[in-house]
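Visitor: I'd like to ask you about the structure that follows.
Rule-based calculations on the coordinates, nothing more; no lab input. Computed from a predicted structure; not experimentally measured. Cβ: placed from backbone, ideal geometry, glycine included. Neighbour counts: every protein chain shown.
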Amino acid sequence: MTSKERVHAALRREPVDRVPIWMWYHPITIGRLSELLEIPSARVVEALGDDIRQTWVGGNHAMEGIVHEHEGDGHTDVWGIDWVKIGHFNQIRTNPIRGASEEAVRAYRYPHNQIEDLLANMDPVLAEGDRYFIGCDISPCLFEMVYRVRGMDDAFLDLAESPDLARFMIEGAAEFATALAEAVCSRMRIDWLWSGDDVAGQQNLMMSPATWREMIKPHLARIMRAAKSRDIWMAHHCCGAMRPIIPDLIEIGMDVLNPVQANCPGMDPLDLKAEFGADLAFMGGIDTQDLLPNGSAAEVYRESLRLVEGMTTGGGGYILAASHAVPPETPFDNIFAMYEAAGVMRSEIFDKAADMRRASLS
C-alpha cells in the first residue's frame, strides 16, 4: 500500500498492511537522526517510513516551523507575537495586547492580509500528494490563539470578568481560522484538515465544559464544516485532560483526535477506544515526558505494541504517534522500538537510508 492508501484505509476501518505512523520530531532530534542515517534532514521521515506529510499555515508555524540556531534568537510573527528561543523551543516573549485597554483590544485585528503568504507554506507538501497522506494545520484556532495574543492571565480574566470582550476576541480568531480553513479546503488537494485548540491542562479543562460549549464549540463547528462539507477528514489536536468534550467534538465533525495524552485523567487510550472508537480514530498516546526519553527500548516497544494491538481492535482507527514532539534526549534505540512495534524494522530503515545515499551519488 502507498502511505496515502494506508492512512485512508485505517481511518475507514479497512484492512491495512501495517498501522500508519506519524511521529513529530523536535528539529534537534531530526538532526541527530540525519547524522546517524547519513542522509539529509529533509529525508529522515521518508527513511523512517512515516505516512503523513503536513505543515502549518496557522500560528503554529511561528512556534515550530521557524527554527533559530542560537539561544535568545527570535522573531515577531504576523499576529504581533514576539518569540524567542529558550532551550530547544521557541517560546512567547511578549503578547501584543497583554495588559491593553479594552479599546486597544477591540482594535486588534487578525492578519487576514497574510493568508496567501501563509498558504504558500503548503506548496512543498502538496507536491508529495501522490504517495503520501497530506494534511494542513491551521492551528491554533480559537481560545489558544486568543491567549497567545492577549496573554494567558488576561484571557482568563476576560472570560471571568469581561465575557463580552472574551467573546469578541474568540469571534475574531474564529473568523480568521474559518477563512484559512475555507481557503485550504476549496483550493488544495488535502486528505485532512488539522485544527487545534489547547483548552485543557494536565488535570482538567481550562474552563468549564458549559463555557466551552457556549464560547468555543459553535465556532469550531464552523471551522470543521469547511472540511466535512467537502468530504475531507477532520483531525483535531488538544493536549491534556479534555475527555469531557470528546462527545461534543465527535458531534461537530471530528474524525481523528490527537495527541491522546495518556498520563492525564480520563485519557487512557484503550478506555477512549472502547467508548468512542466506533465514531472516532486516534493518533498518539506514546508518552514523551517520561517513557520515550527515560524508559528502556524494551519498555517503549511493549507500550507501543500494546497501543497498536489495543487501538486497532475491531479494525483500524489508529495512527501510531507520540503524544508530542519526540525530544532531543530520546535514545535512538527507543525511537526504533516504536517503529518496530508497527512492523518497520531498524534494518529496513537503514537499508532505505543506504539506498538514498547511493541514489544521490548516481
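Visitor: Condition (residue is more than 16 Å from the chain's Cα centre (by Cα), among the acidic types (Asp, Glu) and under 25 Å from Val326 (Cα atoms)) applied to the range 254-268: is it met by at least one residue?
Guide: Step one: list which residues in the range 254-268 are more than 16 Å from the chain's Cα centre (by Cα), which gives 263-268.
Going one step further and asking which of them are among the acidic types (Asp, Glu), we end up with 268.
Add one more test, that the residue is under 25 Å from Val326 (Cα atoms), and what stays is 268.
So far as the range 254-268 goes, yes, one or more of its residues are more than 16 Å from the chain's Cα centre (by Cα), among the acidic types (Asp, Glu) and under 25 Å from Val326 (Cα atoms).
Visitor: Is it the case, given these coordinates, that Leu180 is in a strand (DSSP E or B) and either without any contact (Cβ under 8 Å) to a residue 60 or more places away in the chain or crowded, with 22+ Cβ neighbours inside 10 Å (or both)?
Guide: Working: in a strand (DSSP E or B): no; either without any contact (Cβ under 8 Å) to a residue 60 or more places away in the chain or crowded, with 22+ Cβ neighbours inside 10 Å (or both): yes.
Judged against the criteria, Leu180 is not a match.
Visitor: Something else about it: Confirm whether Asp191 is farther than 28 Å from Ala160 by Cβ and without any contact (Cβ under 8 Å) to a residue 24 or more places away in the chain.
Guide: The answer is no for Asp191.
Visitor: Considering only residues that are in a loop (DSSP other than H, G, I, E, B) and within 20 Å of Met267 (Cβ to Cβ), which ones fall in the range 279-313?
Guide: Asp279, Leu280, Gly284, Gly285, Asp287, Thr288, Gln289, Asp290, Gly295, Thr312, Thr313
Visitor: A follow-up question, please. Test Asp271 against the stated conditions and say whether it is without any contact (Cβ under 8 Å) to a residue 24 or more places away in the chain and outside any helix (DSSP H, G or I).
Guide: Working: without any contact (Cβ under 8 Å) to a residue 24 or more places away in the chain: yes; outside any helix (DSSP H, G or I): no.
No, not satisfied.
Visitor: Do we have Gly135 as in contact with a Leu (Cβ under 8 Å, 6 or more places away or on another chain), closer than 19 Å to Glu64 by Cβ and either in contact (Cβ under 8 Å) with a residue 60 or more places away in the chain or surrounded by fewer than 23 Cβ atoms within 10 Å (Cβ to Cβ) (or both) here?
Guide: yes
Visitor: Also: Select, from Glu299, Glu303, the only residue that is closer than 25 Å to Glu14 by Cα, surrounded by fewer than 22 Cβ atoms within 10 Å (Cβ to Cβ) and over 18 Å from the mean Cα position of the chain (by Cα).
Guide: Glu303
Visitor: Let me ask something else. Do we find that Arg109 is basic (Lys, Arg) and in contact with an Asp or Glu (Cβ under 8 Å, 6 or more places away or on another chain) in this structure?
Guide: No: the conditions fail for Arg109.
Visitor: What do you reckon, is Asp268 of a type in the set (D, E, K, R) and at positive phi?
Guide: no
Visitor: Residue check: is Ile319 surrounded by 15 or more Cβ atoms within 10 Å (Cβ to Cβ), out of contact with any Phe, Trp or Tyr (no Cβ under 6 Å at 6 or more places or on another chain) and not acidic (Asp, Glu)?
Guide: No; evaluated as a whole, the condition is false for this residue.
Visitor: Follow-up. Before we move on, is Cys136 part of a loop (DSSP other than H, G, I, E, B) and either more than 17 Å from Trp194 (Cβ to Cβ) or not polar (S, T, N, Q) (or both)?
Guide: No: the conditions fail for Cys136.
Visitor: Give, as residue ranges, the helices (runs of 4 or more DSSP H) completely inside the range 1-115 that count at least 1 residues that are within 20 Å of the chain's Cα centre (by Cα) and more than 30 Å from Met169 (Cβ to Cβ). It would help to see each step written out before you state the result.
Guide: Values: elements: 3-11, 27-37, 44-48, 102-107.
The helices (runs of 4 or more DSSP H) meeting that bar are 3-11, 27-37, 44-48.
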